Amino acid sequence: MDSDNIRSIIILAALVLLSAYFSSSETAFTSANRIRLRNEAEKGDKRSLKTLKLAENFDSVLSTILIGNNIVNIAMSAMATLLFVNWFPVYGPTIATVVMTIIILIFGEITPKSVAKAKSETFAKSSTPYIYFLMNVFKPVLWILKKWKLMLDKVFHLDQIEIISEDELLSIVDEAESGGSIEDHESQLVKSAIEFDDMEVSTILTPRVDVVSFELDSTDQEIEELFMKHNYSRLIVYDESIDNVLGVLHEKDFNRYLRSKQSENSAKYLLSVVKDVIFVPPVMNLSRLLRYMQQSKTHMAIVTDEHGGTIGIATMEDVLEELVGEIWDESDIIDEEIVELKAGKRYKIKGTASLEKIFELFGIPGHEKYISNSVSGFVIEELGQFPQVGDSFKYYNMKVSVTALRNRRVLEVQIDYLPSDVDEE
C-alpha cells in the first residue's frame, strides 16, 4: 500500500471522527436539560452559562452543525470514492457507497448519538467552544439562512406563537423536579395550580349527609351543643328542610346574640345575625368559585342541584386545600384518608377519599367514567347495589373489600394491590 493510500485512509478516519462529533453535538444540544444548565450557570459555572446561551440560540447551532456535518460527509464520500477506484477500478464507486454508508451509519450516526443522548449536558459543554468557533466561520452562510428562514416564516406563517398545553406544562414541572430546580412539595404546588381550573366543586364538596346544620326554631342550648360537639366556627341554618337554607351562623355572632338577647322570640332575633350564603352548582370550577367567594366576602357556599335541592357545602378551606394540601389547625383530629397497612401491597382507605387520587396511586386510568368522585360512590357503581361489609370485587390491579358501612354509606375499604396482569372484571 503506497503512501497516498495511507494518507487517504488517515484523512477518511479523521472525517469519520468529525462526522461523529457533529452528530453527537446535534443530539447533545437537542437533549440537554436547560433547567439543569441554568441551575449550574446560576451557581457560577461559566461553561454551563456559555452552553446555555448556545442552547437558547438553537436554530443557529443546528444550522452550524448541519453545515459542518454535510461538508464532512460530502468530503468522506469523495475521498472514499477516489480510494476505492484506485483499488477496484470497475466497481470502486459502488463499493465506496456501500462501505461508507455502513461506516457513517454505525460510527458517524448511531453510536455517537446514543452516547451523547446519555450524557447530553457533558457533550454539549465540551462541544461549546468549537461550535462558537464554527459559528464565526460560517457567519455569512448563517446570515443567509436566517434571512431565508424569516422569509419562510412570513410566507407559511411559521412565526406564530406556539401555545403550550397543560400536559406540556406538567411535563416541564416534572423535568424541573427531576433536574433539581424545585423540590417535591414545590412541584406538587405548581401542578395543583395548573390543574386547579379544571376541577369542579363536586370534587371537594362535603355531602349533604355530613353537613352539620340546625333548624331555625332550634333551642339555644341545641345550637350551643352543636358548636361545642363539632368544634366548627360556622353552622348552616335552614327552615324546615336543609333544602331551604337560610344562611350561615358564625359562632362569634351566636355568642353575641346570647349576650344581648332580650326576648323569647329567639328565631326572629337569631335570623338577624345569620349571614347570607352563596349558592353554586356542582359543575362550577374551583377558580371561579374562589373568585365568587372573594367577591361575596364569604367562606362557604351551598351546592345545589338543578332542582334547587342541597347537595352539600363547599368552603374556602376546601378550595385552598386543593392548592396547598391539607390545612390543619390545633382543633382538628387528623384522620388520614389513605393508610398504608403493608408497604405497597395493602391500604386502608376512607370512603370519602378522592377516586382520582386512588386511581393515580395504583396507576389506573379512566376515573372520569364514573359519576361519583369518591371511593364510596365508586364501590356502589361497581357493585351495582348498596354493599354489605365483606363485599369485594377486583378492578384492574386492585382488590377492593368493604370493611365499614353506616346508613348504606361506605365508610372504609381495604384495597390490596394485585399483579399488573389482572384485568378489569
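Leu15 - would you say it is at pLDDT below 90 and either of a type in the set (A, V, I, L, M) or not in a helix (DSSP H, G or I) (or both)?
Working: at pLDDT below 90: no; either of a type in the set (A, V, I, L, M) or not in a helix (DSSP H, G or I) (or both): yes.
For Leu15, the condition - at pLDDT below 90 and either of a type in the set (A, V, I, L, M) or not in a helix (DSSP H, G or I) (or both) - is not met.
Would you please name the residue that is surrounded by the most Cβ atoms within 10 Å (Cβ to Cβ), looking only at residues in the range 359-373 that are within 15 Å of Leu205 (Cβ to Cβ) and either in contact (Cβ under 8 Å) with a residue 12 or more places away in the chain or within 16 Å of the chain's Cα centre (by Cα) (or both)? Lay out the reasoning, then the answer.
Of the residues in the range 359-373, the ones within 15 Å of Leu205 (Cβ to Cβ) are 371-373.
If we keep only those that are either in contact (Cβ under 8 Å) with a residue 12 or more places away in the chain or within 16 Å of the chain's Cα centre (by Cα) (or both) too, we end up with 372-373.
On the way: Ser372: 14, Asn373: 22.
This residue is Asn373.
Scan (1) buried (at least 18 other Cβ atoms within 10 Å of the Cβ); (2) in contact with a Leu (Cβ under 8 Å, 6 or more places away or on another chain) for the single condition Asn33 breaks and write down its number.
Among (1) buried (at least 18 other Cβ atoms within 10 Å of the Cβ); (2) in contact with a Leu (Cβ under 8 Å, 6 or more places away or on another chain), the lone unmet condition for Asn33 is (2).
What pairs come up if the first residue lies in the range 120-141 and is of a type in the set (A, V, I, L, M), the second is outside any helix (DSSP H, G or I), and their beta carbons are under 6 Å apart, counting only those six or more places apart or on different chains?
Final answer for the pair search is Ala124/Ala32.
Somewhere in the range 297-305, is a residue surrounded by fewer than 15 Cβ atoms within 10 Å (Cβ to Cβ) and more than 21 Å from Ser233 (Cα to Cα)? Spell out how you get there, then give the answer.
Residues of the range 297-305 surrounded by fewer than 15 Cβ atoms within 10 Å (Cβ to Cβ): 297, 305.
Narrowing the set further to residues that are more than 21 Å from Ser233 (Cα to Cα) leaves 305.
Checked against the condition, which is being surrounded by fewer than 15 Cβ atoms within 10 Å (Cβ to Cβ) and more than 21 Å from Ser233 (Cα to Cα), the range 297-305 yields at least one hit.
Yes or no: the range 412-421 includes at least one residue that is within 27 Å of the chain's Cα centre (by Cα), within 26 Å of Thr206 (Cβ to Cβ), at pLDDT 85 or above and of a type outside the set (Lys, Arg). I'd like the intermediate steps shown before the answer.
Filtering the range 412-421 down to residues within 27 Å of the chain's Cα centre (by Cα) leaves 415-421.
So of that shortlist, the ones also within 26 Å of Thr206 (Cβ to Cβ) come out as 415.
Going one step further and asking which of them are at pLDDT 85 or above, we end up with 415.
Now restrict to residues that are of a type outside the set (Lys, Arg): 415.
Yes, the range 412-421 contains at least one residue that is within 27 Å of the chain's Cα centre (by Cα), within 26 Å of Thr206 (Cβ to Cβ), at pLDDT 85 or above and of a type outside the set (Lys, Arg).
Restricting to the range 281-297, give me the number of residues that are assigned to a helix (DSSP H, G or I) and of a type outside the set (D, E, K, R).
Number satisfying all stated conditions: 9.
Assuming Ser376 fulfils every condition listed in (1) in contact with a Ser or Thr (Cβ under 6 Å, 6 or more places away or on another chain); (2) crowded, with 17+ Cβ neighbours inside 10 Å; (3) at pLDDT 85 or above apart from one, which condition is it?
Against the list (1) in contact with a Ser or Thr (Cβ under 6 Å, 6 or more places away or on another chain); (2) crowded, with 17+ Cβ neighbours inside 10 Å; (3) at pLDDT 85 or above, Ser376 comes up short only on (1).
Only residues that are assigned to a loop (DSSP other than H, G, I, E, B) and aromatic (Phe, Trp, Tyr): list them for the range 68-119, please.
If we filter the range 68-119 for residues that are assigned to a loop (DSSP other than H, G, I, E, B), which is where we start, we get 88-91, 119.
Residues satisfying the conditions are Phe88, Tyr91.
Could you check the range 306-335 and list, in sequence order, the residues that are surrounded by 12 or more Cβ atoms within 10 Å (Cβ to Cβ) and either modelled with pLDDT of 90 or more or under 24 Å from Val274 (Cα atoms) (or both)?
First, pick out the residues of the range 306-335 that are surrounded by 12 or more Cβ atoms within 10 Å (Cβ to Cβ): 309-325.
Correct list: Gly309, Thr310, Ile311, Gly312, Ile313, Ala314, Thr315, Met316, Glu317, Asp318, Val319.
Enumerate the pairs (first residue in the range 345-358 and over 15 Å from Ser392 (Cβ atoms) and small (Gly, Ala, Ser); second residue anywhere and at pLDDT 85 or above and buried (at least 22 other Cβ atoms within 10 Å of the Cβ)) with beta-carbon separation below 6 Å, excluding pairs fewer than 6 apart on the same chain, so at least 6 apart or on different chains.
If the second residue must be at pLDDT 85 or above and buried (at least 22 other Cβ atoms within 10 Å of the Cβ), the pairs left are Ala353/Val375.
For the range 36-52: of the residues being among the charged types (D, E, K, R) and exposed (fewer than 14 other Cβ atoms within 10 Å of the Cβ), which is nearest to Lys119 (Cα to Cα)?
Here is the first cut: in the range 36-52, the ones among the charged types (D, E, K, R) are 36, 38, 40, 42-43, 45-47, 50.
Then keep just the ones that are exposed (fewer than 14 other Cβ atoms within 10 Å of the Cβ); that gives 42-43, 46.
Numbers: Glu42: 21, Lys43: 20, Lys46: 19 Å.
For the range 36-52, the residue satisfying everything is Lys46.
Name every residue in the range 195-219 that is surrounded by 15 or more Cβ atoms within 10 Å (Cβ to Cβ) and in a helix (DSSP H, G or I), in order of residue number.
Glu195, Phe196, Val201, Ser202, Thr203, Arg208
Test each condition in (1) touching a helix residue (DSSP H, G or I) at 6+ places or on another chain (Cβ under 9 Å); (2) of a type in the set (A, V, I, L, M, F, W, C); (3) under 27 Å from Glu321 (Cα atoms) for Val402 and report the one that comes out false.
The number of the failed condition is (3).
Search the range 2-17 for residues that are in contact (Cβ under 8 Å) with a residue 24 or more places away in the chain and closer than 15 Å to Ile104 by Cβ and pair each with any residue that is in a helix (DSSP H, G or I) and among the β-branched types (Val, Ile, Thr) when their beta-carbon atoms are under 9 Å apart and the residues are at least 6 apart or on different chains.
Pairs that qualify, where the first residue is in contact (Cβ under 8 Å) with a residue 24 or more places away in the chain and closer than 15 Å to Ile104 by Cβ and the partner is in a helix (DSSP H, G or I) and among the β-branched types (Val, Ile, Thr), are Leu12/Ile103; Leu15/Val72; Val16/Val72; Val16/Ile103; Val16/Ile104.
The values are calculated or read from the model by the stated rules, or taken from the named source; none is laboratory data. This one's a predicted model, so the numbers in the text were calculated from it and none came from an experiment. With ideal geometry, Cβ positions are generated from the backbone for all residues, glycine too; neighbour counts draw on all protein chains shown.
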